[in-house]
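The values are calculated or read from the model by the stated rules, or taken from the named source; none is laboratory data. Everything numeric in this text was worked out from a predicted model, so none of it was measured. Cβ placement follows ideal geometry from the backbone for every residue including glycine, while neighbour counts extend to all protein chains displayed. Just the protein is used for accessible areas: all its heavy atoms, side chains included, with ligands, DNA and RNA removed. Shrake-Rupley method; radii C 1.70, N 1.55, O 1.52, S 1.80 Å.
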There are 2 protein chains.
Amino acid sequence: MKFEVLILGTGSATPAYGRHPSAQIVNFNEELFLVDCGEGTQMQLSRFGIRSGRINHVFISHLHGDHYFGLPGLLSSMHLNGRKNDLHVYGHPGLKEVLDLQFKYSETQLKYNLVFRPTSPDNPETILQMPRMRVLSFPLHHRVPCTGFRFDETLRASKHPATRSYAYCSDTRAFSGYMDAIRNVDLLYHESTFLHEMVGRAAETLHSTALEAAQVADRAGAKKLLLGHYSARYKDPEPLLREARTVFRESELAVEGKAFGVMDVFFNGQLTVDN
Amino acid sequence: MKFEVLILGTGSATPAYGRHPSAQIVNFNEELFLVDCGEGTQMQLSRFGIRSGRINHVFISHLHGDHYFGLPGLLSSMHLNGRKNDLHVYGHPGLKEVLDLQFKYSETQLKYNLVFRPTSPDNPETILQMPRMRVLSFPLHHRVPCTGFRFDETLRASKHPATRSYAYCSDTRAFSGYMDAIRNVDLLYHESTFLHEMVGRAAETLHSTALEAAQVADRAGAKKLLLGHYSARYKDPEPLLREARTVFRESELAVEGKAFGVMDVFFNGQLTVDN
């Protein structure tokens with residue numbers, strides 16, 4: 001049963017070097033979950049051959065533009081493309097207010113039902129329970145209210161007794177507060193905006209360094225770490241990877257258009273890429 | 001003295017065939033005016049080598065997403081890139097409300113002064129007067145309040161007694177109401193969402209056909225017509241051009257990344273492309 005993460009954006013607040021802002025598709029058994037939706041996400045979906053009509057759940061971590069400015073356009077396009085199925089959107093309560101105001105001025109009456117579920121910036125909460133998958137939101141530590149998301153497989157075919165899990169942490173200062181929520185995940189996506197030489201800037205802006213992301217992965221008992229949200233100051237994110245690997249060997253760089261499998265078994269110490 | 005229009009987006013409401021939503025740069029003597037700002041405009045600017053810091057005036061025709069969903073991201077990036085100069089934004093009063101709400105939730109205090117000037121959906125108005133350039137907004141006829149913009153050169157070097165003018169009409173049902181505002185322009189950009197075989201759909205959605213855009217250009221005494229805002233149903237916009245030319249020979253297709261000169265003299269009956 002497929003469980004993978006397709007990266008749509010690896011950049012941070014300002015666009016640089018053709019990188020796109022944060023967005024990714026979690027594909028669990030062909031059920032598609034969109035996690036964050038920076039500007040241009042609908043074009044990225046189209047570029048990588050993902051029909052947006054297949055997405056039924058959208059998770060927005062926080063209301064900095066590089067994590068949600070693509071959402072109004074995506075919702076409008078779903079409407080114009082005749083979507084009928086409910087769409088579930090999870091995020092800060094202010095998100096609904098922004099969308100409602102935009103739809104008011106565009107005089108848009110969505111043809112489908114947008115089911116909005118506010119997330120809590122204070123406590124971990126199960127926000128979605130499906131037959132084989134449960135999604136938890138949990139507080140991160142950023143300049144505005146921000147939540148991470150954890151996807152837990154709850155039931156797997158009998159020959160695979162181990163269930164798999166994926167956690168998404170962006171944007172956040174690395175700290176112990178979310179350690180329980182991400183404990184023992186098979187794959188951890190953690191922002192690594194800066195190299196550790198910029199730790200002062202990371203602390204100031206409530207972001208993490210690659211080294212810190214690796215320390216989090218190590219302490220949480222994650223099996224694999226996926227780095228992303230690279231600052232515009234880095235043309236090449238490779239040094240971020242080298243830095244992370246000094247602490248946590250099973251680190252990889254998120255790459256736009258690349259799918260990363262959420263695996264409980266690894267071969268040759270390499271992250272198995274399923275794409 | 002340069003006077004040209006660089007096309008950043010030629011698509012309409014839903015993205016298709018790699019086309020981007022509406023946006024263009026009017027370059028008058030290296031003063032850059034941004035006209036509409038669909039999703040992804042900041043990436044298009046970067047792709048075509050335009051530093052967004054050079055833009056001091058942004059004109060938004062109306063509050064359908066494909067004309068402004070790129071603006072919040074562009075304004076945020078200008079802020080993050082340390083902009084200090086005032087930025088003048090012209091549009092429907094609701095635009096300010098949307099931006100303010102987004103900045104409230106992102107807890108953004110812009111480092112520069114955003115000077116917002118509401119446009120009137122009811123009457124033509126001079127909204128900007130510079131030493132050599134005057135900009136007029138004028139009502140169009142669309143499903144939500146919508147204005148076109150006319151750029152008039154007011155003073156030219158003495159050896160060129162003729163001043164030049166450019167008008168932008170998107171989105172609108174072709175009608176006589178804005179004829180005076182676009183009279184005798186050297187270059188007219190007019191939306192041509194559909195072929196005339198879809199005129200029923202054009203009337204229903206308050207858009208124009210290529211044939212109608214050409215009729216408008218002809219009746220207004222425009223020297224050249226630039227077509228754009230192509231429906232996602234057309235992979236190739238060439239038939240739109242052929243249709244327009246049956247009525248108005250000096251028609252051209254807007255092409256992303258291409259600059260079209262605003263000229264008062266034409267050579268060999270061809271639109272002189274200055275890029």
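Quick check on this structure: which one of B:ASP264, B:ASP186 is modelled with pLDDT of 95 or more and of a type in the set (D, E, K, R)? Can you show your working first?
Working: B:ASP264 fails: modelled with pLDDT of 95 or more.
Sole residue among the options that is modelled with pLDDT of 95 or more and of a type in the set (D, E, K, R): B:ASP186.
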Those residues of segment A:160-178 which are open to solvent by less than 40 Å² (accessible area, probe 1.4 Å), hydroxyl-bearing (Ser, Thr, Tyr) and either in contact with a Lys or Arg (Cβ under 9 Å, 6 or more places away or on another chain) or at pLDDT below 95 (or both), in sequence order
A:SER165, A:TYR166, A:TYR168
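Condition check ((1) within 25 Å of A:SER106 (Cβ to Cβ); (2) touching a residue at least 40 places away in the same chain (Cβ under 8 Å); (3) not hydroxyl-bearing (Ser, Thr, Tyr)) across all residues:
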{"residue": "B:GLN129", "(1), (2), (3)": "no, no, yes"}
{"residue": "B:PHE138", "(1), (2), (3)": "yes, yes, yes"}
{"residue": "B:GLU153", "(1), (2), (3)": "no, yes, yes"}
{"residue": "B:ALA162", "(1), (2), (3)": "no, yes, yes"}
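Filter segment B:45-62 down to residues that are in contact (Cβ under 8 Å) with a residue 60 or more places away in the chain and within 10 Å of chain A (Cβ to nearest Cβ) and give me whichever is nearest to the chain's Cα centre (by Cα). Spell out the reasoning first.
Step one: list which residues in segment B:45-62 are in contact (Cβ under 8 Å) with a residue 60 or more places away in the chain, which gives B:47-48, B:57, B:59, B:61-62.
Still in the list and also within 10 Å of chain A (Cβ to nearest Cβ): B:47, B:62.
Numbers: B:ARG47: 19, B:HIS62: 11 Å.
My answer is B:HIS62.
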When you check B:LEU110 against the structure, is it hydrophobic (A, V, I, L, M, F, W, C), within 11 Å of chain A (Cβ to nearest Cβ) and either open to solvent by less than 50 Å² (accessible area, probe 1.4 Å) or farther than 22 Å from B:PHE28 by Cα (or both), yes or no?
no
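Output the residue which, of all residues in segment B:211-238 that are open to solvent by 40 Å² or more (accessible area, probe 1.4 Å) and not acidic (Asp, Glu), is farthest from B:CYS37 (Cα to Cα).
Of all residues in segment B:211-238, those open to solvent by 40 Å² or more (accessible area, probe 1.4 Å) come to B:215, B:218-219, B:223, B:233, B:235-236, B:238.
Of the ones still in play, those that are also not acidic (Asp, Glu) are B:215, B:219, B:223, B:233, B:235.
Numbers: B:GLN215: 27, B:ARG219: 29, B:LYS223: 26, B:ARG233: 22, B:LYS235: 22 Å.
Of everything passing the filter in segment B:211-238, B:ARG219 is farthest from B:CYS37 (Cα to Cα).
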When only residues in segment A:76-97 that are in contact with a helix residue (DSSP H, G or I) (Cβ under 9 Å, 6 or more places away or on another chain) and at the interface with another protein chain (Cβ under 9 Å from one of its Cβ atoms) count, which is farthest from A:PHE149 (Cα to Cα)?
A:ASN81
